[in-house]
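What follows is one structure encoded as structure tokens, with my remarks underneath.
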Amino acid sequence: MAVRDILLFPEDSDTLTTECEPVEEVNDEIRQLVDDLAETMYDAEGIGLAAPQVGVNKRITVIDLSGPDHQDALHVLINPEILEVEGSVVREEGCLSFPGLYGEVERAERVRVEATNREGERYEIESEGLLAVALQHEIDHLDGVLFLEQMTPTKRRMARREYRKIRSKMTRQKKRKKRESST
Ligand code: K2U
Ligand code: ZN
């Protein structure tokens, strides 16, 4: 298993906004990628992660709501499809490709999803609450859709402005550390 680098917006926006390819066969290479995705998600203290976020253009995502201290409820979704959606809910979301940015997104309240697991078997999840939100957030990633695009225009404008400030501060901090380490 390996922790991989997580791609960031905007420098990696081309990869992050590209629609992913279906997985043809669940083989050892795919299982290794699934394990790396899970390890990278836990290391980043996220509750979900999609393959394009580590630079792999395949329809694979992992979700674990139990958090990095438990790691006992890992959902592996290969070639996931949303079969049904119901209701509507607005919830604050974040994204590991937009570090430090949070914003409200409207999603379906309940979803029914079909996917293939790590053993290559097809299965279904019906969910609501945070799992339903995470499933929609992650499957959006596989379609090259980022959570900013799911916000209302006003919230998207505010989020873009906030994210520019976050990234400017990150850049200043990196430059200061580099100066301090060279003295
Ligand atoms: O795909 C990702 O960037 C991982 C997200 C997944 C996620 C975002 C929003 C809601 C559910 C899942 C990260 O786990 S961000 C962590 C997080 C989770 C909930 C709310 C805010 C931030
Ligand atoms: Zn995300």
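The values are calculated or read from the model by the stated rules, or taken from the named source; none is laboratory data. Everything numeric here is computed off the predicted structure, so don't read it as measured data. Cβ coordinates were reconstructed from backbone atoms using ideal geometry, including for glycine residues, and neighbour counts include every protein chain displayed. Surface areas here come from the heavy atoms of the whole protein model, side chains and all, with no ligands, DNA or RNA. Shrake-Rupley method; radii C 1.70, N 1.55, O 1.52, S 1.80 Å.
Which GluC sites (Glu not before Pro) in the range 11-86 sit in a loop by DSSP (not H, G, I, E or B) and have at most 13 other Cβ atoms within 10 Å of their own Cβ?
Numbers: sites: Glu11, Glu19, Glu24, Glu25, Glu29, Glu39, Glu45, Glu81, Glu84, Glu86; in loops: Glu11, Glu19, Glu24, Glu25, Glu45.
Those satisfying the criteria are Glu11, Glu19, Glu24, Glu25, Glu45.
To the nearest 20 debye, what charge dipole does the range 13-182 have about its Cα centre, counting +1 at the Cβ of each Lys and Arg and -1 at the Cβ of each Asp and Glu?
Working: 25 positive and 35 negative charges, 427 e Å.
Dipole of the range 13-182, to the nearest 20 debye: 2060 debye.
What is the angle, in °, between the Cα long axis of helix 153-182 and the longest principal axis of the Cα atoms in the chain? Nearest 10 is fine, range 0 to 90.
Computed tilt is about 60 degrees.
For Lys165, list the lysines whose Cα falls under 23 Å from its own Cα; do not include residues on the same chain fewer than 8 positions away.
Lys155, Lys174, Lys175, Lys177, Lys178
Net charge near Ser13, counting Lys/Arg +1 and Asp/Glu -1 over other residues with Cβ under 15 Å of its Cβ?
Computed value for this residue: -3.
Out of residues 5 or more away from Lys58 or on other chains, whose amide H comes under 5 Å of its own, with H placed 1.01 Å from N in the peptide plane?
Counting only residues 5 or more places away or on other chains, the set is Glu21.
Give me the number: length gained by fully extending Ile166 to Glu86, i.e. 0.36 nm times residue separation minus the C-alpha to C-alpha distance, one decimal in nm.
Extra length from Ile166 to Glu86 when fully extended: 25.3 nm.
Divide by every residue of the chain the summed helix terms, -39500 (n - 2.57) for each DSSP H run of at least 4, and state the resulting mean residue ellipticity at 222 nm, rounded to the nearest 500 deg cm²/dmol.
-11500 deg cm²/dmol
Given labels modelled 7 Å from the Cα in the Cβ direction, how far is it in nm from Arg157 to Glu114?
4.3 nm
Sketch the reach of a paramagnetic label on Glu11 as a point 7 Å from Cα along Cα-to-Cβ, and name the residues of the range 157-171 whose backbone nitrogen lies under 18 Å away.
Under cut-off, by backbone N: 163-171.
Over all directions, average the projected area of the Cα convex hull of the chain and note it in nm².
Convex hull of Cα atoms, orientation-averaged projection: 11.4 nm².
Distance from the Cα centre of the range 1-63 to that of the range 108-136, in angstrom?
If you average the Cα positions of each part, the centres end up 17 Å apart.
Sort largest first and round to whole Å: the equivalent ellipsoid semi-axes of the range 98-183, each the square root of five times a Cα gyration tensor eigenvalue.
35, 19, 9
Keeping every protein chain present and rolling a 1.4 Å probe, give me the accessible area per residue for the range 13-182 in Å². Kindly include the intermediate steps, with their values, before the conclusion.
Working: 9220 Å² over 170 residues.
Value returned for the range 13-182: 54 Å² of accessible area per residue.
May I ask for the angle, rounded to the nearest 10°, between helix 28-43 and the longest principal axis of the chain, with both axes built from Cα atoms and the value confined to 0 to 90°?
So the helix axis and the longest Cα principal axis differ by about 50 degrees.
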